[in-house]
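Have a look at the structure below, then the notes.
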Amino acid sequence: MTLTIPFSNSYGKLPPRFFTRQAATPVAAPELIAFNDALAARFGIARGPDDVLARIFSGNEAPDGADPLAQVYAGHQFGGFSPQLGDGRALLLGEVEAPDGTRFDIQLKGAGRTPYSRGGDGRAWLGPVLREYVVSEAMAALGVPTTRALAAVATGEPVFRETALPGAVLTRVASSHIRVGTFQFFAARRDFEALKALFDYTCARHYPDARTPDELLTAVIDAQASLVAHWLSLGFIHGVMNTDNTALSGETIDYGPCAFIDDYHPQTVFSSIDRHGRYAYDNQADVIVWNMAQLATCLVPLCNDQDEAVERFTAAVHAMPGKIEAQWLARFGAKVGLSNANEDDRALISDLLDLMARNGADFTNTFRALAHGTARDQFTDRPAYDAWHSRWQARIESVPDAQSRMMQTNPAFIPRNHRVEEMIQAAVAGDFAPFHRLLLVLGAPYTDQPGAADLTRQPAPGERVQQTFCGT
């Protein structure tokens, strides 16, 4: 018995230099850990027996209609350009279509070596697979544009990093895997024919109203401005905002050393490989503008008058910080109960954040407590909070539905770093109950769940996660 997946494979119809076709490398003893039934049903994928799902989503058996391929791309990694990267441990199986006609990629991560592995083994160990499954599904429940997790499968084989670790394969669903780095790959080679094909494909797939490079750039800038402001409103740190991790679709992609802030500090860094804080929480808005400048550079060769294009694209990129600031104000305004926050409200919000930073207040709990009327308990300097609270009360007393708005924008539950690490350690020991519990609770992040109150707690000193690691 095999699994029927209604694949279409438009990316595979692009020129052969966009990818390498190959099958996944089989694993020894695939065993299903999790399968996202609700997501599968959205694409008309009926659940099969666990052993069939394990074979399919480990890569041991290709479903009918699949066209496995590894995509090639380039990218700036921590500011340095790598002219060829690509899917070093991932394979695109094909695309499925949602009822509204939108297509989504289904991709295996950890499926074995490809021509783009750069000396790696092409495998993933269990920890990063479960982290991406939990965090991406949590982000979806929080309302953030994101890739999704369809399945996780244990391979029955060890993966060797600093030590031997259990191997696993993640199945990821994305609107596409077209990255800024995909454009950079062809632009750097001056392969303008391929660049034009990629432009046409991207517009058709994601921005059908875009007809020109200017319109595509504007659409992607708008999507990324909204996305990063959304991250900031939730205290999320991507951790590795390289151009090869910036999707043209405007989705969050590649949950490697990502993390959520506990006690608020704007320069928080978790990633073990971000030694200079390039991708710190408060730097993310600047970095995404820089990434869009790299995309703009790639689009210039597609314009008839390239000098004029440089001027137009420069203006578009320079306007992006204002778009992010407007999105930030709208999102943080809603977090303090305002439906139409204005520039005068920016100081009110910023003063609260400054007060949180000085008091070591928990980012998520403070905003949730504000909705419940108990935020004072989050601060050590109570008089300073009281003074702010008086200003805030005067501002919102005539704003209708302020509390309801705060309850809908300030989650009670996020995938806290120490809970994710506890879940991983339990899974390595063979206990997947914490993993399934996190998925259940994080699936309703805006609902108070008294039985899960322990998942709202800040880490104790001995539980604090100082660094997160890339998902290799």
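The values are calculated or read from the model by the stated rules, or taken from the named source; none is laboratory data. All of these numbers come straight from a predicted model, not from anything done at the bench. Note: ideal-geometry Cβ built from the backbone for every residue, glycine included; neighbour counts use all protein chains shown. Ligands, DNA and RNA are excluded from the accessible area calculation, which covers all protein heavy atoms including side chains. Shrake-Rupley method; radii C 1.70, N 1.55, O 1.52, S 1.80 Å.
Flag: Val420 matches the condition of being assigned to a helix (DSSP H, G or I), open to solvent by less than 70 Å² (accessible area, probe 1.4 Å) and closer than 29 Å to Ala375 by Cα. Restricting attention to region 138-173, the residues that are over 18 Å from Ala29 (Cβ atoms) and either of a type outside the set (S, T, N, Q) or open to solvent by less than 10 Å² (accessible area, probe 1.4 Å) (or both) add up to 16. State yes or no: is Ala98 at pLDDT below 95 and open to solvent by less than 30 Å² (accessible area, probe 1.4 Å)? Here the answer is yes, as Ala98 does meet what is asked.
Between Ile5, Ile56, Ile33, the distinction of being among the β-branched types (Val, Ile, Thr) and at pLDDT below 90 belongs to Ile5 only.
So is Leu438 among the aliphatic types (A, V, I, L, M), over 28 Å from Glu162 (Cα atoms) and surrounded by 14 or more Cβ atoms within 10 Å (Cβ to Cβ) or not? Against the criterion (among the aliphatic types (A, V, I, L, M), over 28 Å from Glu162 (Cα atoms) and surrounded by 14 or more Cβ atoms within 10 Å (Cβ to Cβ)), Leu438 does not qualify. Taken across region 11-22, residues that are open to solvent by 20 Å² or more (accessible area, probe 1.4 Å), closer than 27 Å to Leu130 by Cβ and at pLDDT 95 or above do occur, with at least one present.
So which residues in region 35-58 are open to solvent by 10 Å² or more (accessible area, probe 1.4 Å) and more than 26 Å from Gly101 (Cβ to Cβ), if there are any at all? Listed by number, the residues that qualify are Pro49, Asp50, Asp51, Arg55. Within the bounds of region 248-261, is there any residue that is within 25 Å of Glu95 (Cβ to Cβ) and more than 13 Å from the chain's Cα centre (by Cα)? There is no residue in region 248-261 that is within 25 Å of Glu95 (Cβ to Cβ) and more than 13 Å from the chain's Cα centre (by Cα).
Between Gly256, Gly250, the distinction of being in a loop (DSSP other than H, G, I, E, B) and at positive phi belongs to Gly250 only. Contact annotation: residue pairs with Cβ atoms under 7 Å, 6 or more positions apart or on different chains, pairing a residue in region 295-314 that is under 11 Å from Phe192 (Cα atoms) with a partner that is among the β-branched types (Val, Ile, Thr) and part of a helix (DSSP H, G or I), are Val300/Val310. Scanning region 270-293 for residues that are in a loop (DSSP other than H, G, I, E, B), among the acidic types (Asp, Glu) and under 23 Å from Leu217 (Cβ atoms) gives no hits.
Per-residue answers, yes or no, for (1) without any contact (Cβ under 8 Å) to a residue 60 or more places away in the chain; (2) open to solvent by 70 Å² or more (accessible area, probe 1.4 Å):
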| site | (1), (2) |
| --- | --- |
| Ile349 | yes, no |
| Gly360 | no, no |
| Ala375 | yes, no |
| Thr380 | yes, yes |
| Ala384 | yes, no |
| His389 | yes, no |
| Asp401 | no, yes |
